[in-house]
Amino acid sequence: MNPVDDRYERMRRALERLAASPNAPSLQTLAEEAGQSTFHFQRSFVSMAGVTPKEFSQALTLQRAKQSLAQADSVLEASLAAGLSGPSRLHDLFLSLDGMTPGEFKLAGRGMTIQWAVSETLLGPVWLAATARGVLRLAFMHERTAAQMVKEAAQNLPQAQWIEDKPALTSLLSDVQRRLAGLKPQTTIGLALSGTPLRLKVWEALLRIPEGQVLSYTQLARLAGAPQAVRAVASCVAANPIAYLIPCHRVIRANADVGEYRWGPQTKRALLGLEMARAAGNARRPDA
């Protein structure tokens, strides 16, 4: 295995172990399982995750999730007051949205060239597909192959030309890795989306949930301007084609249960643990 890939694999196993354990294993246990000294393991974990194993584990408690839901109403009100077009989360997150036209979608991708590539991340390999206009898909692969990912994505755009081209996507993939590690984005990532008006509203609303904060489906429905359509909003969340960058993982059940996730509940727990731990760390800093 490539040394870089091996480094990702060690930390990924540790994250999965912590996310799956009601009682967090000791630092010594995690280090031994990673084949490292406690000093080197802790340093590697912090450099890749942006938080310590203890901070990550503490962020995943049920109490922390309930507190986050309780304060979500104030966050929600602030977001509603700001409006989608304000000096917004989109700029802060270095993201831009560009919807595909109905005509483009009707042509099933005819004339479109879509580049795709696979890259290792802290939470496992990801598959990314993009056009010149932006990212179409981002998915955690788990046990699936690249061929399976292409086949699934091509069902929506069967007339497009799908080409593996990692060099062309290196900048995008590098920025995704930076974000997952808790580092500041270096480039703006465009998101090229297609969907019903409600889906686009829901996906835009998801971008307004700050990192480290969670909302319930009912709260998200309010944020999307569809307070009476909670079930429909939940379906829009489940249909999100761009993992992590459109943060559907920040929506949990009203009882603070993490709930389902298109790319697996363990991945969702890991994402939430990382983000909530980083947010708590930032809040403790004097200059935060």
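The values are calculated or read from the model by the stated rules, or taken from the named source; none is laboratory data. Keep in mind the model is a prediction, meaning the values are calculated, not measured. Cβ placement follows ideal geometry from the backbone for every residue including glycine, while neighbour counts extend to all protein chains displayed. We work out accessible area using only protein heavy atoms, side chains counted, and drop any ligands, DNA or RNA first. Shrake-Rupley method; radii C 1.70, N 1.55, O 1.52, S 1.80 Å.
So how compact is the range 162-231: Cα radius of gyration and Dmax in angstrom?
Considering the range 162-231 through its Cα atoms, Rg and Dmax are 15.6, 45 Å.
If you count only protein heavy atoms with a 1.4 Å probe, what accessible area per residue comes out for the range 205-288, rounded to a whole Å²?
38 Å²
Add +1 for every Lys or Arg and -1 for every Asp or Glu among the other residues with Cβ under 15 Å from the Cβ of T61, and state the total.
Taking every Cβ under 15 Å from that of T61, the sum is +1.
How much net charge surrounds G259 when only the other residues with a Cβ under 12 Å from the Cβ of G259 are counted, with Lys and Arg +1 and Asp and Glu -1?
In short, +3.
Taking only protein heavy atoms into account and a 1.4 Å probe, give the accessible area per residue of the range 19-74 in Å².
With all protein chains present, the range 19-74 gives 55 Å² per residue.
Determine, for each peptide in 176-184, 16-24, the mean count of other beta carbons within 10 angstrom over its residues, then list the peptides with the highest first.
My ranking of the peptides, most packed first, is 176-184, 16-24.
Which of the lysines could a cross-linker bridge to K66, judged by Cα under 18 Å and excluding same-chain residues fewer than eight apart?
Cα-Cα hits under 18 Å: K268.
At a 1.4 Å probe radius, carbon and sulfur cover how many percent of the accessible area of the range 185-288?
So the carbon and sulfur contribution to the accessible surface is 52 percent.
Considering only the other residues whose Cβ falls under 14 Å of the Cβ of E16, what net charge follows from Lys and Arg at +1 and Asp and Glu at -1?
Net of charged neighbours comes to +3.
Over the heavy atoms of S216, what accessible area does a 1.4 Å probe trace out, to the nearest 10 Å²?
Counting only protein heavy atoms, the figure is 10 Å².
Once amide H atoms are placed 1.01 Å from N in the peptide plane, what residues at a sequence separation of 5 or more from I163, or on another chain, have their amide H within under 5 Å of its amide H?
Those qualifying (amide H under 5 Å, at least 5 residues apart or on another chain) are I114, Q115, W116.
Give me a comma-separated list of calculated 3J(HN,Hα) values for the range 261-275, in order, Karplus coefficients 6.51, -1.76, 1.60 applied at θ = phi - 60°, integers in Hz, x for any Gly or Pro.
Along the range 261-275, the couplings run 7, 4, 10, x, x, 5, 5, 4, 4, 5, 4, 5, x, 4, 5 Hz.
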